[in-house]
């Protein structure tokens, strides 16, 4: 079940307010992260809702922070971090990065394994959307095909993404 999809304009407004606070304490850091902040700030994920929503069951525990997870993945790669474990640790201890991603709760992302699964699922989704305009049934098939791999083992995101790109 997908829950609380935040509109892009609301994310931008909230981030602007948080950046004002960070500017008072970490101005030089904000300047250093300017390009990354701009990329994430302009990345409008509103159009993904109609693609992502059918991938979630109507039952069970609602998924939270899906946009934050996608933003986090993009920020992680933009900052040249390639280890999800290191990134999650960094994210949990860095309020600025946490706020840039748009997470709304100090518990998000709460569990490393859940994040790993979400990141890997996000990679599959992003790859399919960016690679070509696939029909939703092909996207679902790719996600189902890789779900056993994703759930059963820690994932090397770079290796997984390279293998997925080679498939097509």
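The values are calculated or read from the model by the stated rules, or taken from the named source; none is laboratory data. For clarity, every value in this text was computed on a predicted model and none was experimentally measured. Backbone-built Cβ (ideal geometry, glycine too); neighbour counts: all protein chains shown.
Just to be sure before I move on: is residue 26 under 19 Å from residue 2 (Cβ atoms), surrounded by 14 or more Cβ atoms within 10 Å (Cβ to Cβ) and touching a residue at least 60 places away in the same chain (Cβ under 8 Å) in the structure I sent?
So residue 26 fails the test.
Go through region 29-39 and give me each residue that's surrounded by 12 or more Cβ atoms within 10 Å (Cβ to Cβ) and farther than 15 Å from residue 95 by Cβ.
Matches in region 29-39: 36, 39.
Residues 123, 55, 91: which one is surrounded by 12 or more Cβ atoms within 10 Å (Cβ to Cβ), touching a helix residue (DSSP H, G or I) at 6+ places or on another chain (Cβ under 9 Å) and modelled with pLDDT under 75?
None of the others qualify; the one that does is 123.
How about region 42-107: which helices (runs of 4 or more DSSP H) wholly inside it have at least 3 residues that are farther than 24 Å from residue 21 by Cβ and within 14 Å of the chain's Cα centre (by Cα)?
By residue number, 66-78.
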